[in-house]
Structures are given as structure tokens and as C-alpha cells.
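For reference, the structure discussed in these notes is given below.
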Amino acid sequence: MLELILSPLGLGILGLLIGSFLNVVVHRLPAMYMRDWWRFDLAEFALADARSWRAAFGADDVPPRELAAASAAVKQRLDRLAPLSLVRPRSRCPSCGHAIKAVENIPVVSWLVLRGRCSACGTRISARYPLVEAATGALFFACAWQFGAGAYSVVSCAAVALLLVMALIDLDTTLLPDSLTIPLVVLGLVAAAAQWTPVRWGDAAAGALVGYGVLWAFGAFWQLALRKANAMAEGDMKMLAGIGALLGWQAVPGALFLAALVGAVIGVGLIALGRHKRDVPIPFGPYLALGGLAAILWPQAVRGFGESLAPLVGL
Ligand SMILES: [Zn+2]
């Protein structure tokens, strides 16, 4: 049975189903994250407003009443929201609220049968949903095909799922939540320590440090030398740390080079086509995910690039 599940066909079908769940995660996680962010902010605000107000405006000044009223109003609205988690409530059509039945939720097939429309109100359903499902299925299939029915196939499929979700959430919201990046780092380190991957533990640990460090250094350089706003978000650093932890430090330069190259080509293309304003930051997560996926599927080529660079820095 386990052999069957871990076969290319088995993992491919599992990938389609997980792809369907990834769509839900991409849709809901940012909303959950931002609700937490508002709650946290309100709590901070309630604690600090009077004291920090006095520090800023003088000992006998008091915060205007509008501040307290606004934060009470926000808190009230937050408390009124129906609870939201990755499993609850069931998926609904965003335009008419029609609860999606199990038969309408078959990966790729349902979208094709319904011709990309809600069965109740006929509103278009984005083609991105079946594409994400198909991509997850194809990537899981490729991992099982390449790595066989063993622990490394499972580890790579988990990493593929995390990278896909990160790419799409970053693309939609320019957020890379810790709840996605940190698990990739942990997955890489644990898998190496347990010898579920061909990557040695030391290389995985070095990969996490190099992945984080290289983007941190780039951001610091950008900020100090060129006096520009920091171009690198911490989420990108943690994401590359995860790729390094999973595939070893040798994979970091190749994955990053590929990400930067594709990102630059697409970025320049979008600016040339007038589809993107020059000063708006371009999310880097989707390109890092591409670099990470390439490093998972073609480890020799991507690691070879890093190893060929190692003598240049005296390693
Ligand atoms: Zn509908």
C-alpha cells in the first residue's frame, strides 16, 4: 500500500488533492494573518498609547478620544467576524455564497466540467485554481519519479507544497508569513539530521545560514552603500534559508542566481510593457520558489553551480 502511495502515480494523485488544499491556504492564510496582526496591534495600542503619547507629546498631554474610539470600533468588528481557519468554514463561491459540494471539488476535473463557472450563479472561477492543482500533481509526480518510493520523495513533496504556497501568497499580498518559511527551514534541518535526504547535516545547517546571510548582506549593502530603502524583506531571507537547509549550501548560489535572472527578465519586461511601476517593489518569493523547485528537481546542476563558485571565496 505504501509503495502504491509513494509511486509516481500515487503521489501525483495525492498532489492534485493537496493542490486543491493549497488553493484554500493561499486564499485564507493572508486573511488569518492580517486578523492576528490587527488583534496584536490593538493589544499593543491599548497597552502603550497613553504612555507613548506622553513620551512623544509631553507629560501633561493626553491622547485624543478618537484614538480610543477607533480602536474600540476595530476590536468590535474583529469580534463579530465568523471564525476562519484552514479547514473551516467550507469553501463557498465568493460571489453568491453557494457552498461547494464535494463533487464540485474534484481537482482540475470539476473546473473543466463546470467550464470555469460557479454551478449556482455562473460567476467565473479563476483558472489559477486548476492550474495550481495540476502543477502540484505534476511536481509530486516528478519527485516520486526521480527519487523513488522513499523518505526523500515525501520530504521533497512537502517542500514543493510550501514553496508553491509561499510563491502565490507573496504574489498576491507581498507577504511571506513565518508560518510558511520557518517550517521549510525546520523540514530541511530535520530531514538532514534524520538522513531522509542525501544532504549532509553540516551542509544543511550551513545552507540555512548562507541562504539567510546572503540576502541580509545584499539588503544591508543596498541600504548603506546606495542609500535606498531596504530592498530585501526578511521573509525572502527566511525563504532562501529554507531552500539552503533543504538542499545544502551548495544549492544556494544556483537557486538565487536563477531567481534573480528570471525575476530581472520578467521585471524588466513588465516595466517595458508598462504593466509595472518602477518604484513599486516586485515580490521576490515567486522567483525564489522557482529557484528552489529547480534545485529540488535538478540538484546536480544547481549544486554544481554553487560548488564551482566555492573556490572563489576560498572554500
Ligand atoms: Zn456562485
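The values are calculated or read from the model by the stated rules, or taken from the named source; none is laboratory data. None of these values were measured; they are calculated from a predicted model. As a convention, Cβ positions derive from the backbone with ideal geometry for all residues, glycine included, and neighbour counts pool all protein chains shown.
It is to be established whether one or more residues within the range 243-251 are surrounded by 14 or more Cβ atoms within 10 Å (Cβ to Cβ), in contact with a helix residue (DSSP H, G or I) (Cβ under 7 Å, 6 or more places away or on another chain), touching a residue at least 40 places away in the same chain (Cβ under 8 Å) and at positive phi.
Within the range 243-251, the subset surrounded by 14 or more Cβ atoms within 10 Å (Cβ to Cβ) is 243-251.
Next cut, in contact with a helix residue (DSSP H, G or I) (Cβ under 7 Å, 6 or more places away or on another chain) only: 243-251.
From the residues that got through so far, the ones that are touching a residue at least 40 places away in the same chain (Cβ under 8 Å) too are 243-251.
Then keep just the ones that are at positive phi; that gives 248.
Among the residues of the range 243-251, at least one is surrounded by 14 or more Cβ atoms within 10 Å (Cβ to Cβ), in contact with a helix residue (DSSP H, G or I) (Cβ under 7 Å, 6 or more places away or on another chain), touching a residue at least 40 places away in the same chain (Cβ under 8 Å) and at positive phi, which makes the answer yes.
Out of all the residues in the range 87-104, which are more than 12 Å from the ligand (Cβ to nearest atom) and surrounded by 15 or more Cβ atoms within 10 Å (Cβ to Cβ)?
Residues satisfying the conditions do not exist here.
Hey, residue 300 hits all of (1) without any contact (Cβ under 8 Å) to a residue 24 or more places away in the chain; (2) surrounded by 12 or more Cβ atoms within 10 Å (Cβ to Cβ); (3) in a helix (DSSP H, G or I) but one; which does it fall short on?
So residue 300 meets the others, but not (2).
Check 210, 190, 185, 155 and return the single one that is modelled with pLDDT of 95 or more, of a type in the set (A, V, I, L, M) and more than 19 Å from residue 250 (Cβ to Cβ). Break it down into steps so the answer makes sense when it comes.
Working: 210 fails: more than 19 Å from residue 250 (Cβ to Cβ); 185 fails: more than 19 Å from residue 250 (Cβ to Cβ); 155 fails: more than 19 Å from residue 250 (Cβ to Cβ).
Residue meeting the stated conditions: 190.
Which members of the range 120-149 meet the condition of being within 16 Å of the ligand (Cβ to nearest atom), outside any helix (DSSP H, G or I) and surrounded by 16 or more Cβ atoms within 10 Å (Cβ to Cβ)?
We begin by selecting, within the range 120-149, every residue within 16 Å of the ligand (Cβ to nearest atom); these are 120-126, 129.
From what's left, outside any helix (DSSP H, G or I): 120-126.
Passing the criteria: only 125.
Please specify each residue of the range 91-108 satisfying the condition of being of a type in the set (D, E, K, R) and either under 26 Å from the mean Cα position of the chain (by Cα) or in the same structural domain as residue 160 (by TED's automatic domain parsing) (or both). Can you show your working first?
Restricting attention to the range 91-108, the residues satisfying the condition of being of a type in the set (D, E, K, R) are 92, 101, 104.
Across the range 91-108, the qualifying residue is only 92.
Can you tell me how many residues within the range 105-119 are buried (at least 20 other Cβ atoms within 10 Å of the Cβ) and assigned to a helix (DSSP H, G or I)? Let's see the steps before the verdict.
Narrowing the range 105-119 to residues buried (at least 20 other Cβ atoms within 10 Å of the Cβ): 107, 110-111.
Then drop every residue that is not assigned to a helix (DSSP H, G or I), which leaves 110-111.
The qualifying residues number 2.
Which residues, taken from the range 109-136, are over 22 Å from the mean Cα position of the chain (by Cα), over 12 Å from residue 93 (Cβ atoms) and not polar (S, T, N, Q)? If you could, list the steps in order and put the result at the bottom.
Step one: of the range 109-136, the residues over 22 Å from the mean Cα position of the chain (by Cα) are 109-125.
Of the ones still in play, those that are also over 12 Å from residue 93 (Cβ atoms) are 109-113, 115-116.
Correct list: 109, 111, 112, 113, 115, 116.
Within the range 1-11, is there a residue that is of a type in the set (D, E, K, R) and either surrounded by 14 or more Cβ atoms within 10 Å (Cβ to Cβ) or in contact with a Gly (Cβ under 9 Å, 6 or more places away or on another chain) (or both)?
Going through the range 1-11, the residues of a type in the set (D, E, K, R) turn out to be 3.
Subset that is either surrounded by 14 or more Cβ atoms within 10 Å (Cβ to Cβ) or in contact with a Gly (Cβ under 9 Å, 6 or more places away or on another chain) (or both): 3.
The answer is yes; a qualifying residue exists.
If I ask for residues that are within 12 Å of the ligand (Cβ to nearest atom), farther than 23 Å from residue 168 by Cα and of a type outside the set (Gly, Ala, Ser), which ones from the range 105-119 would you list?
Selection gives 114 alone.
Which of (1) assigned by TED's automatic domain parsing to the domain that holds residue 33; (2) small (Gly, Ala, Ser); (3) free of Cβ contacts under 8 Å to residues at least 24 places away in the same chain does residue 119 not meet, given it meets every other one?
Of the numbered conditions (1) assigned by TED's automatic domain parsing to the domain that holds residue 33; (2) small (Gly, Ala, Ser); (3) free of Cβ contacts under 8 Å to residues at least 24 places away in the same chain, the odd one out for residue 119 is (1).
Assess whether residue 152 counts as being within 16 Å of the ligand (Cβ to nearest atom), part of a helix (DSSP H, G or I) and at negative phi. Working first, answer last.
Details: within 16 Å of the ligand (Cβ to nearest atom): no; part of a helix (DSSP H, G or I): yes; at negative phi: yes.
No: the conditions fail for residue 152.
If you check residue 239 against the conditions, is it outside any helix (DSSP H, G or I) and hydrophobic (A, V, I, L, M, F, W, C)? Don't jump to the end; show me each part of the working.
Details: outside any helix (DSSP H, G or I): no; hydrophobic (A, V, I, L, M, F, W, C): yes.
No: the conditions fail for residue 239.
Scan the range 133-145 and report the pairs whose first residue is assigned by TED's automatic domain parsing to the domain that holds residue 108 and whose second residue is of a type in the set (Lys, Arg) and modelled with pLDDT of 95 or more, with Cβ atoms within less than 8 Å and a gap of 6+ or a chain change.
Close Cβ pairs satisfying both conditions: none exist.
Quick one: would you say residue 305 is of a type in the set (Phe, Trp, Tyr) and either part of a loop (DSSP other than H, G, I, E, B) or modelled with pLDDT under 90 (or both)?
Details: of a type in the set (Phe, Trp, Tyr): yes; either part of a loop (DSSP other than H, G, I, E, B) or modelled with pLDDT under 90 (or both): yes.
The answer is yes for residue 305.
What is the one condition in (1) in contact with a helix residue (DSSP H, G or I) (Cβ under 7 Å, 6 or more places away or on another chain); (2) of a type outside the set (S, T, N, Q); (3) surrounded by fewer than 17 Cβ atoms within 10 Å (Cβ to Cβ) that residue 261 does not satisfy?
(1)
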